[in-house]
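Visitor: Below is the structure I would like to discuss, written out as structure tokens.
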Amino acid sequence: CTAGSCRKNFCADTIKAAEKELGTAIDSVTLDGKTSLQQCGCLGNCSQGPSAMINDTLYGRMLPKEMKKKIRELS
């Protein structure tokens, strides 16, 4: 999520961590075509920002360390 509350809670750092871990840029697909990384507007989880939606599951407090961990779990 890149909406106001998530931005205030450093979503840019989480996005950079996801880009690095996946080896792709925001709004792109990994080379193997299995994973896309997209920015979105508000996910309605403002009190838990930064938030992320992964495979239709909403996650809150997705700071860089948590994002990297989740990506590795799903790989």
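The values are calculated or read from the model by the stated rules, or taken from the named source; none is laboratory data. The structure presented is a predicted model; accordingly, all values stated were derived computationally and were not measured. Ideal geometry is used to build each Cβ from the backbone, glycine not excepted, and the neighbour counts take in all protein chains shown. We work out accessible area using only protein heavy atoms, side chains counted, and drop any ligands, DNA or RNA first. Shrake-Rupley method; radii C 1.70, N 1.55, O 1.52, S 1.80 Å.
Visitor: Of the residues in segment 11-30, how many are assigned to a helix (DSSP H, G or I) and open to solvent by less than 20 Å² (accessible area, probe 1.4 Å)? Quick ask: steps written out before the conclusion?
Guide: The initial filter retains those residues of segment 11-30 that are assigned to a helix (DSSP H, G or I), namely 11-22.
From the residues that got through so far, the ones that are open to solvent by less than 20 Å² (accessible area, probe 1.4 Å) too are 11, 14, 17-18.
Of the residues in that region, 4 qualify.
Visitor: Of everything in segment 1-10 that's among the hydrophobic types (A, V, I, L, M, F, W, C) and open to solvent by less than 60 Å² (accessible area, probe 1.4 Å), which residue is nearest to the chain's Cα centre (by Cα)? Walk me through it before giving the result.
Guide: In the first step, residues of segment 1-10 are kept if they are among the hydrophobic types (A, V, I, L, M, F, W, C); the result is 1, 3, 6, 10.
Remaining after also requiring open to solvent by less than 60 Å² (accessible area, probe 1.4 Å): 1, 3, 6.
On the way: Cys1: 7, Ala3: 12, Cys6: 11 Å.
The selected residue is Cys1.
Visitor: Residue by residue through segment 45-60, note down the ones that are in a loop (DSSP other than H, G, I, E, B) and either touching a Cys at 6+ places or on another chain (Cβ under 8 Å) or touching a residue at least 40 places away in the same chain (Cβ under 8 Å) (or both). I'd like the intermediate steps shown before the answer.
Guide: Here is the first cut: in segment 45-60, the ones in a loop (DSSP other than H, G, I, E, B) are 45, 49-51, 55-56, 60.
Asn45, Gly49, Pro50, Ser51, listed by residue number.
Visitor: Please find, among Ser5, Ser28, the residue that is more than 13 Å from Leu63 (Cα to Cα) and touching a residue at least 12 places away in the same chain (Cβ under 8 Å).
Guide: Numbers: Ser28 fails: touching a residue at least 12 places away in the same chain (Cβ under 8 Å).
When all the criteria are applied, what remains is Ser5.
Visitor: Sticking with this structure for a sec: Restricting attention to segment 61-75, which residues are closer than 16 Å to Asn9 by Cβ, assigned to a helix (DSSP H, G or I) and open to solvent by 60 Å² or more (accessible area, probe 1.4 Å)? If you could, list the steps in order and put the result at the bottom.
Guide: Initial filter on segment 61-75 (closer than 16 Å to Asn9 by Cβ): 61-67.
After this cut, where a residue has to be assigned to a helix (DSSP H, G or I) as well, the list is 64-67.
Result: Lys65, Glu66.
Visitor: Restricting to segment 31-56, name every residue that is surrounded by 13 or more Cβ atoms within 10 Å (Cβ to Cβ) and of a type in the set (Ser, Thr, Tyr). Even if it seems obvious, please write down each step before you answer.
Guide: Of segment 31-56, the ones surrounded by 13 or more Cβ atoms within 10 Å (Cβ to Cβ) are 35, 37, 42-43, 45-46, 48-54.
Across segment 31-56, the qualifying residues are Thr35, Ser51.
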